[in-house]
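Heads up: the structure comes next, in structure tokens.
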Amino acid sequence: MTERSHESHENVPSRQRRRFAGISSRAYEHPADRSALVALRKLSGFDTVFKTLSGLLPERSLRLLFLSDSVRVSDAQFTHLNDMLRDACYILDLEKVPPMYVNQDPQPNAMCIGLDEPIIVVTTGLVELLDEEEMRAVIGHEVGHALSGHAVYRTILLFLTSIALKVAWIPLGNVAIMAIVTALREWFRKSELSADRAGLLVGQDLQASMRGLMKIAGGNHLHEMNVDAFLAQADEYEKGGDLRDSVLKILNLLPRSHPFTTVRAAELKKWSETRDYQRIMDGHYPRRDEDKDTSVTDSFRESAAHYADTVRSSKDPLMKLVGDIAGGAGDLGGKLRDKFTGQGGGPAGKGGATDGSGDSARRDEPGNPDGPGTEQGPSGS
């Protein structure tokens with residue numbers, strides 16, 4: 001049974017799990033999360049907006065809203081969720097258990113918001129969709145957000161998104177806000193990868209984490225789904241298509257606050273197989289009392305190394321092209337043309353003519369944007 005350290009973590013569920021005393025959020029934070037947050041803070045005007053909104057946002061009103069129109073998780077209400085919340089805070093050694101509310105909403109969702117102190121909100125759609133172990137990973141995910149201090153930026157993102165819609169009719173009034181909203185969304189997508197890792201540390205059941213992500217994508221039809229096939233979708237998504245598809249992937253992702261579900265599952269599985277994850281499970285991890293001594297330069301170096309490795313190992317056509325350019329590959333013009341038209345990079349006579357004489361022959365090929373075989377689907381997410 002999980003040990004109990006102090007009164008705030010009483011009544012935790014009975015299950016053998018490792019506890020990570022004093023763990024720093026650096027242990028599970030995705031390198032892209034840290035670097036995106038650094039880039040966000042450097043965005044022109046962000047500091048001014050952040051300081052202003054920190055004083056103006058109606059956090060007290062937000063808390064009263066959930067208190068008045070949602071169900072607060074406690075020993076008397078949603079006791080099984082309360083047990084999971086206490087257990088998650090105990091495992092990640094979050095001393096103060098944040099209040100958690102269940103909100104009536106058929107859309108499966110959860111969030112961690114708040115400026116002074118985090119609040120966790122889960123919807124009824126999510127509670128009804130997931131089993132106990134899947135829900136445990138989700139609550140661990142939100143506690144990970146709280147430990148990482150993500151709640152503040154998430155709250156500002158929600159507020160700015162609402163403001164952007166209200167001032168969209170004002171000429172240029174929306175431009176500055178949308179620049180910050182776009183940067184916040186980019187950071188938040190990366191922070192979700194960090195929180196998924198925290199959820200795995202809490203649940204300590206990779207299959208439950210995978211099932212939860214599958215259900216969020218495909219609903220409560222687990223008997224119709226398969227983890228391996230779901231992960232194969234992520235692989236197909238990453239490496240499929242040509243440069244046009246790479247651009248469409250980016251356009252599809254920009255308006256979203258979360259990464260695509262198959263990508264999250266693949267990223268989490270990949271991390272679960274690393275030495276870093278195993279070291280955490282063995283009790284070797286960065287601790288909070290060491291955070292003040294952390295080198296910013298080392299963090300930048302780690303993030304840079306991560307991006308370089310991502311470009312190097314990616315199967316996406318655009319990332320491969322970036323890798324070719326970085327590696328000083330020759331005939332970049334030809335490579336760009338061939339990748340955008342879906343052709344191979346073969347020599348003349350095999351992958352297509354190198355002069356104008358082959359244009360008419362290539363026009364009818366399915367990969368060519370001017371050919372009759374081209375079919376472009378919708379770009380909305």
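Coordinate-derived values only; no laboratory data. The structure presented is a predicted model; accordingly, all values stated were derived computationally and were not measured. Because the Cβ atoms are built from the backbone with ideal geometry, glycine has one as well, and the counts that use them run over all protein chains shown.
Here are the numbers for the structure shown:
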{"quantity": "Length gained when the stretch His80-Asp235 is fully extended (0.36 nm per residue, less Cα-Cα span)", "calculated": "52.2 nm"}
{"quantity": "In nm, spacing of pseudo-spin labels at His284 and Val227 (7 Å Cα→C-beta vector)", "calculated": "2.6"}
{"quantity": "Rounded to whole Å, sorted largest first: equivalent-ellipsoid semi-axes of segment 177-237, Cα gyration tensor", "calculated": "26, 16, 11"}
{"quantity": "Positive-pole candidate from Leu67, Leu92, Met111, dipole of segment 63-126, charges at beta carbon", "calculated": "Leu67"}
{"quantity": "Over 25 Å (Cα to Cα) - which of Lys270/Lys292; Lys239/Lys270; Lys190/Lys270; Lys215/Lys269; Lys96/Lys269 fall in this group", "calculated": "Lys270/Lys292; Lys96/Lys269"}
